[in-house]
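Below is a structure I'd like to ask you about.
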Amino acid sequence: MLSEEDFKANYRKAQLIDVREKGEFDSSHILGARNLPTTQLRNRYKELRQDLPVYLYCENGGRSSRTALFLKKKGYTQLYALEGGFKNWSGRVKSTKK
């Protein structure tokens, strides 16, 4: 788990992944994030590159921690989760207009 400060320091150089469901992502997400819900992870994890860091977040930290454990078992090594999740994020966000 990374503090928001540490997360902000490097997430732009990484794959920023929001593991919340599409509706949560569409309502608001960290600017630059890709949506890869935990419910789709088993089928889609290969979309992530193993040679780049993966920065994960969810609403409060639980799903991103479980996602990091899953990815670690699949051979990913540079995994970072946002401590406290999106609800504690104070950086730039984006909403997807419907």
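Could you look through region 38-96, keep only residues that are assigned to a strand (DSSP E or B) and hydrophobic (A, V, I, L, M, F, W, C), and pick out the one that is nearest to S28 (Cα to Cα)?
Of everything passing the filter in region 38-96, V93 is nearest to S28 (Cα to Cα).
Mind counting the residues in region 46-64 that are farther than 10 Å from I17 by Cβ and surrounded by fewer than 17 Cβ atoms within 10 Å (Cβ to Cβ)?
Going through region 46-64 one residue at a time, the tally reaches 8.
So which residues in region 1-52 are in contact with a Ser or Thr (Cβ under 8 Å, 6 or more places away or on another chain), hydroxyl-bearing (S, T, Y) and closer than 19 Å to L69 by Cβ, if there are any at all?
T38, the sole residue that qualifies.
Of all residues being assigned to a helix (DSSP H, G or I) and within 13 Å of the chain's Cα centre (by Cα) in region 23-33, which is surrounded by the fewest Cβ atoms within 10 Å (Cβ to Cβ)? Just the residue, please.
Looking at residues that are assigned to a helix (DSSP H, G or I) and within 13 Å of the chain's Cα centre (by Cα), I get E24.
Looking at L41, L16, which one is out of contact with any Gly (no Cβ under 9 Å at 6 or more places or on another chain), within 21 Å of M1 (Cβ to Cβ) and either surrounded by 12 or more Cβ atoms within 10 Å (Cβ to Cβ) or of a type in the set (S, T, Y) (or both)?
L41
Could you identify the single residue in G61, G91 that is of a type in the set (G, A, S) and over 11 Å from the mean Cα position of the chain (by Cα)?
That would be G91, the only listed residue that is of a type in the set (G, A, S) and over 11 Å from the mean Cα position of the chain (by Cα).
A follow-up question, please. Just for region 75-96: of the residues that are more than 13 Å from C58 (Cβ to Cβ) and of a type in the set (A, V, I, L, M), which one is most open to solvent (accessible area, probe 1.4 Å)?
This residue is V93.
Would you check which residues across region 65-74 are without any contact (Cβ under 8 Å) to a residue 12 or more places away in the chain and open to solvent by less than 60 Å² (accessible area, probe 1.4 Å) and list them?
none
Do we have G32 as closer than 18 Å to S95 by Cα and either at pLDDT below 95 or not β-branched (V, I, T) (or both) here?
yes
The values are calculated or read from the model by the stated rules, or taken from the named source; none is laboratory data. Predicted model, so just to flag it, every value in this text is computed and none were measured. No Cβ is skipped: glycine too gets one built from the backbone with ideal geometry, and neighbour counts run over all protein chains shown. What goes into the accessible areas is simple: the full protein's heavy atoms, side chains included, and nothing from ligands, DNA or RNA. Shrake-Rupley method; radii C 1.70, N 1.55, O 1.52, S 1.80 Å.
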